[in-house]
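The block underneath contains the structure these notes are about, expressed in structure tokens.
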Amino acid sequence: MIEMKDVNKTYPNGVTALQGIDLSIAQGEFVYIVGPSGAGKSTLVGMMFREEKHTSGSITINGIDLNKLKERKVPQLRRNIGVVYQDFKLLPRLTVYENIAFALEVLEESPKNIKKRVMEVLDLVKLKNKARHIPDQLSGGEQQRVSIARAIVNHPKMMIADEPTGNLDPDTSWDIMQIFEEINAKGTTVIMATHSKEIVNTIRKRVIAVESGRIVRDESRGEYGYEI
Ligand code: ADP
Ligand code: ADP
């Protein structure tokens, strides 16, 4: 489902963020990406949904060879990938309902299907009662739950989360992790870049550690491995 062979990424300013990345992630896995700040974690996950283009090597995502992917086909790649960010990236003027429905409306679903599916995912993240609120009226944890609902509303094969608990307090972070585990239990691949030692060492999953642009460790039930 994700295959990277000898992948390198050099940004236009000359900074080499990743070198010689070889990686294989199967459908249904739960994978943490860990490492110090500036190691290349965001670049690594960003290449999985073509937020960032790799410079050389090969990447295959859900059977799509990114070296052959035309720009106009990028939305097709992203349709199968839900993305969750540290800062939520909700649309501030839209309600919770509309923020989630928006992701389906661009796919030209029928209004009836949209409503059914939006209410299903709001139920999963336990926010049905906040459907008419705007993001500013919600706590950080609630906003992150909306962004998770938006990410999965289209039944993606995989979910990519870049520091999803980075702005949340510990209790709220555990709630978010529980939702990720439920999503993963239904067969969705979850890839999560994180700085949370507590989470990685408690909810044990595969750990891929990146340092100075290289994979230095890949363990099936790994530990965080850094002090902070
Ligand atoms: P991490 O997510 O582990 O903190 P990043 O992937 O954000 O690491 O960054 C890896 C390296 O690439 C760093 O040296 C960073 O400064 C550099 N970098 C990240 N994004 C850009 C960019 N858009 N342009 C130039 N350099 C970048
Ligand atoms: P109920 O029938 O119990 O009111 P609904 O499933 O109709 O529940 O809606 C639940 C919540 O979602 C309500 O707050 C409702 O206002 C909101 N909602 C439903 N459809 C829309 C929509 N198209 N736009 C905005 N909010 C909606």
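A straight line joining the Cα centroids of segment 48-66 and segment 126-191 runs 25 Å. With respect to the chain, whose longest principal axis is taken over its alpha-carbon atoms, helix 170-185 is tilted by about 80°. For segment 98-152, the set of trypsin sites (Lys or Arg not before Pro) satisfying both a DSSP loop assignment and a count of at most 16 other C-beta atoms within 10 Å is given as Lys126, Arg132.
Excluding Leu124 itself, what net charge comes from residues whose Cβ is under 14 Å from its Cβ, given Lys and Arg +1 and Asp and Glu -1? Before the final figure, lay out each step's value.
Working: positive: Lys116, Arg117, Lys126, Lys128, Lys130, Arg145, Arg150, Lys186; negative: Glu120, Asp123, Glu142, Asp175, Glu181, Glu182.
Net charge in that neighbourhood comes out at +2.
Taking other Cβ atoms within 10 Å as a rough exposure proxy, Phe88, Phe102 sort from fewest to most as Phe102, Phe88. Each of Gly14, Ile160, Gln86 was placed along the dipole of the chain (beta-carbon charges, centred on the mean Cα), and the one lying farthest toward the positive end is Ile160. Rounded to the nearest 10 degrees, what's the angle between the helix 111-124 long axis and the longest principal axis of the chain, both from Cα atoms, 0 to 90? In the chain, helix 111-124 runs at an angle near 70 degrees to the longest axis. Ranked for footprinting exposure by Cβ neighbours inside 10 Å, fewest first, Thr43, Thr172, Thr202, Thr165 give Thr202, Thr172, Thr43, Thr165.
Report the net charge of residues surrounding Ile81, where surrounding means a beta-carbon distance below 13 angstrom and charges are Lys +1, Arg +1, Asp -1, Glu -1. Computed value for this residue: +3. Placing unit charges on the Cβ atoms only, positive for Lys and Arg and negative for Asp and Glu, gives segment 90-145 a dipole magnitude near 220 debye about its Cα centre.
Taking all Cα pairs closer than 8 Å and separated by 6 or more residues, the relative contact order of the chain comes to 29 percent. Listed by chain and number, the aspartates and glutamates whose alpha-carbon sits under 18 Å from that of Lys186, ignoring those within fewer than 8 places in the same chain, are Glu29, Glu120, Asp123, Asp175. What shape does segment 78-134 have by the C-alpha gyration tensor, where a ≥ b ≥ c are the square roots of the eigenvalues, rounded means a/c under 1.5, and otherwise prolate means a/b greater than b/c and oblate the rest? It comes out rounded by the Cα gyration axes. Taking K and R as +1 and D and E as -1, what net charge do the other residues with C-beta under 12 Å from the C-beta of Asp6 add up to? Every neighbour counted, the sum reads +1.
Quick note: the coordinates plus some simple rules give every number you see, no bench work behind them. Every value quoted in this text rests on a predicted model; they were computed, and no experiment measured them. Cβ coordinates were reconstructed from backbone atoms using ideal geometry, including for glycine residues, and neighbour counts include every protein chain displayed.
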